[in-house]
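Enquirer: Below you'll find the structure I mean.
The values are calculated or read from the model by the stated rules, or taken from the named source; none is laboratory data. None of the values given here were measured: they were computed from a predicted structure. A quick note on method: Cβ atoms are made from the backbone with ideal geometry, for glycine too, and the neighbour counts reach across all protein chains shown.
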């Protein structure tokens with residue numbers, strides 16, 4: 001499975017994008033903004049190609065398993081200068097902590113960029129990624145606009 005995240009806009013507080021699975025649009029994304037100097041939990045990761053695995057042992061994975069019935073977090077591997085970057089549930093950049101949030105719709109307004117319907121999109125994505133990992137490798141390519 002090949003995921004491609006196309007970053008579409010950055011308003012200096014939030015980055016909005018679209019996620020594709022094997023060339024087909026799947027959902028919208030929200031990340032922290034680009035920063036020239038990394039601010040922990042407030043900076044998006046660099047564009048590039050990364051392997052995806054499941055991280056099954058962590059406080060966040062345990063919480064997601066209990067609340068959302070998903071086993072393991074969708075974990076972006078080997079990101080330079082970052083640790084534990086996940087694709088996960090959230091509404092806006094405040095929920096991101098440097099990770100990639102997924103949702104159905106990007107709502108853009110004077111109050112900022114927000115995701116709608118994140119939980120159901122994440123749960124479906126988690127299932128797709130889990131199934132793909134049982135058959136082989138999963139990668140994500142992140143492209144800046």
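Enquirer: Identify all residues within region 35-66 that are under 15 Å from the mean Cα position of the chain (by Cα), surrounded by fewer than 16 Cβ atoms within 10 Å (Cβ to Cβ) and in a loop (DSSP other than H, G, I, E, B); write none if there are none.
Expert: Passing the criteria: 41, 42, 46, 47.
Enquirer: Going by what's in this entry, would residue 116 be described as modelled with pLDDT of 95 or more, over 21 Å from residue 138 (Cα atoms) and loosely packed, with under 13 Cβ neighbours inside 10 Å?
Expert: Here the answer is yes, as residue 116 does meet what is asked.
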